[in-house]
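Q: One structure, as structure tokens, below. Some questions next.
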Amino acid sequence: AIEITYKQLPSQTDYERALESDAPKIHDNGNLVGRDTYERGDISTGLAEADVVLKQEYNTACQIHSPVEPHGCVANWDGDYLTVWESSQGVFAVQSRLAETLKLPLAKVRVIGHYMGGAFGSKLTPGKYTVLATLLAKKAARPVKMTLSREETYLCVGNRPASRMQLKAGVKNDGTITALDFSCRGPSGAYPAGGTSLVDWLIRDLYTCGNVRCTSEDVYINSGPARPFRAPGHPQGSWALEQMMDSLGEKIGMDPLEIRLKNIPTISQGRGVPYTSTGLKRCIEEGARQFGWDEGLQQAREHNSSNSYIKRGVGMGSCVWYVGGGGPPATVIIRVFRDGSINLNMGASDI
């Protein structure tokens, strides 16, 4: 009963080519979502003070969340009150976004979340399927269930976007990092979604360095949206920085563990405030002891000096996390009953 005529438009799926002058425009204002910059100290001075300067490029591919349980929901109306059962790790985010989208008071939207079969960040917010289910339920005056197929979850509920990162770093022979000059580019998808959000945070904050410069370019392409994926931005940036730390240590003849211990900060450099406490030094030292770092490194080197085509290696890395610690206002209700049983009521999701 419905006849559809499609007009095929030129598409752009290569985020590197998307910024070229002849690339098809996703939006009228071009394909650059935005450019974020950060700088402290002076990069030129930091590089000049270094005994060794290295520059490396790192590329990561797009990754899909793929939880065992696909995305889905059930929507039901009772008059003008809406209840949604959603496979979600963020029931309050779903509630507020639905209320905003449907122009409903928050008090008239209830979201119920039970155990779910994985999320990894892709179920922090509602999808178009959630809104469609609520609209269909309104029209049908019956509950409507909508569950995405596996193929649909690959296309429309988010991804960890690809990235291209370049890092130039300087280090003194005693292991002191003098400069970190970082740039990255990655796609948001067809709409702003923070494709390069927080990719540079570890460069800003993890290791002591007075001269840091970061530039991030977020790009439109014809693809599904960027979405949080097990610490948005951090895995890409961490992968680049940790490889650079290993390379710097190798160039000056310093153990990967020692060069990190040499540069542990006492303040959050990205925020510009002292840490109330930091356990990074203890974490590295205790981890190395439990692992048997010195012995393992020596054994790997001895093995690799032979003619065996099988190589062995040991490695370590550090990280710091920026968000997700919660904060006010937050309420947890605990009821203790006479028989010793306890009822815990809170808004967190078991993922």
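Q: Evaluate the distance, in nm, between pseudo-label points positioned 7 Å from the Cα of Ala140 and of Ser341 along their respective Cα→Cβ axes.
A: In this crude label model, Ala140 to Ser341 measures out at 3.6 nm.
Q: What residues from the range 209-233 fall in the zone where the backbone N is under 20 Å from a label point 7 Å along the Cα-to-C-beta line of Glu20?
A: Once the point is set 7 Å along Cα→Cβ of Glu20, 217-223 turn out to lie under 20 Å by backbone N, inside the range 209-233.
Q: So, in Å, what gap is there between the alpha-carbon centers of the range 197-263 and the range 270-307?
A: So the two Cα centres are separated by 18 Å.
Q: Once label points are set 7 Å from the Cα along Cα→Cβ at both Thr208 and Leu47, what is their separation, rounded to one decimal in nm?
A: Taking the simple label geometry, Thr208 and Leu47 are separated by 2.5 nm.
Q: What translational D, rounded to a whole number of µm²/s, comes out for the range 205-329 from Stokes-Einstein when the hydrodynamic radius is the Kirkwood one over Cα pairs, at 37 °C and 0.692 mPa s?
A: 187 µm²/s
Q: Please report, in debye to the nearest 20, how large the charge dipole of the chain is about its Cα centre when each Lys and Arg carries +1 at its beta carbon and each Asp and Glu carries -1 there.
A: 1120 debye
Q: Report the charge-dipole magnitude of the range 220-351 in Debye, nearest 20, computed about the Cα centre from +1 at each Lys and Arg Cβ and -1 at each Asp and Glu Cβ.
A: Taking the Cα centre of the range 220-351 as origin, the dipole is about 380 debye.
Q: In deg cm²/dmol and to the nearest 500, what is the mean residue ellipticity at 222 nm of the chain if only DSSP H runs of at least 4 residues count, each as -39500 (n - 2.57), divided by the residue total?
A: Here the helix-only value at 222 nm equals -8000 deg cm²/dmol.
Q: Right, here's the next one. Would you calculate the volume per residue, in Å³, of the smallest convex hull containing every Cα atom of the range 151-245?
A: So the per-residue Cα hull volume is 85 Å³.
Q: If you don't mind, there's one more thing I want to ask. Lys and Arg at +1, Asp and Glu at -1: add these up for the other residues within a Cβ distance under 15 Å of Val273 and post the number.
A: Local charge sum for Val273: +2.
Q: Carbon-plus-sulfur fraction of the accessible area of the chain, 1.4 Å probe, in percent?
A: 52 percent
Q: At a Cα cut-off below 29 Å, give the lysines reachable from Lys311, other chains included and same-chain residues fewer than 8 away excluded.
A: Correct list for Lys311: Lys55, Lys168, Lys251, Lys262.
Q: May I ask you to list the trypsin sites (Lys or Arg not before Pro) in the range 233-322 that are in a DSSP loop and have at most 12 other Cβ atoms within 10 Å of their Cβ?
A: On the way: sites: Lys251, Arg260, Lys262, Arg271, Lys281, Arg282, Arg289, Arg301, Lys311, Arg312; in loops: Arg271, Lys311, Arg312.
Passing sites in the range 233-322 are Arg271, Lys311, Arg312.
Q: Moving on to the next point. Where does the range 9-62 land on Rg/Rh, using Cα atoms and the Kirkwood Rh?
A: 1.16
Q: Spin-label point model (7 Å from Cα, Cβ direction): what's the Tyr115 to Glu285 distance in nm?
A: It works out to 4.2 nm between the two label points.
Q: Any idea of the accessible area per residue across the chain, 1.4 Å probe, to the nearest Å²? Provide the component values of the computation, followed by the final result.
A: On the way: 20380 Å² over 351 residues.
Spelled out: the 1.4 Å probe surface of the chain, per residue, equals 58 Å².
Q: At 4 °C and 1.567 mPa s, what whole-number value in µm²/s does Stokes-Einstein give for the translational diffusion of the chain, with Rh from the Kirkwood sum over Cα pairs?
A: Calculated translational D: 55 µm²/s.
Q: Return the FRET efficiency for the residue pair Ala93, Val273: r is the Cβ-Cβ distance, R0 is 35 Å, and the value is rounded to the nearest 0.05.
A: Values: r = 28 Å, r/R0 = 0.79.
The computed FRET efficiency comes out at 0.80.
Q: If one takes the longest principal axis of the Cα atoms in the chain, at what angle in degrees, from 0 to 90 and to the nearest 10, does the Cα axis of helix 293-304 lie?
A: With both axes taken from Cα atoms, the answer is about 80 degrees.
The values are calculated or read from the model by the stated rules, or taken from the named source; none is laboratory data. Predicted model, so just to flag it, every value in this text is computed and none were measured. Every residue, glycine as well, gets a Cβ built from its backbone with ideal geometry; the counts of neighbours run over all protein chains shown. To get the accessible areas, we keep the full protein, side chains included, count just its heavy atoms, and leave off ligands, DNA and RNA. Shrake-Rupley method; radii C 1.70, N 1.55, O 1.52, S 1.80 Å.
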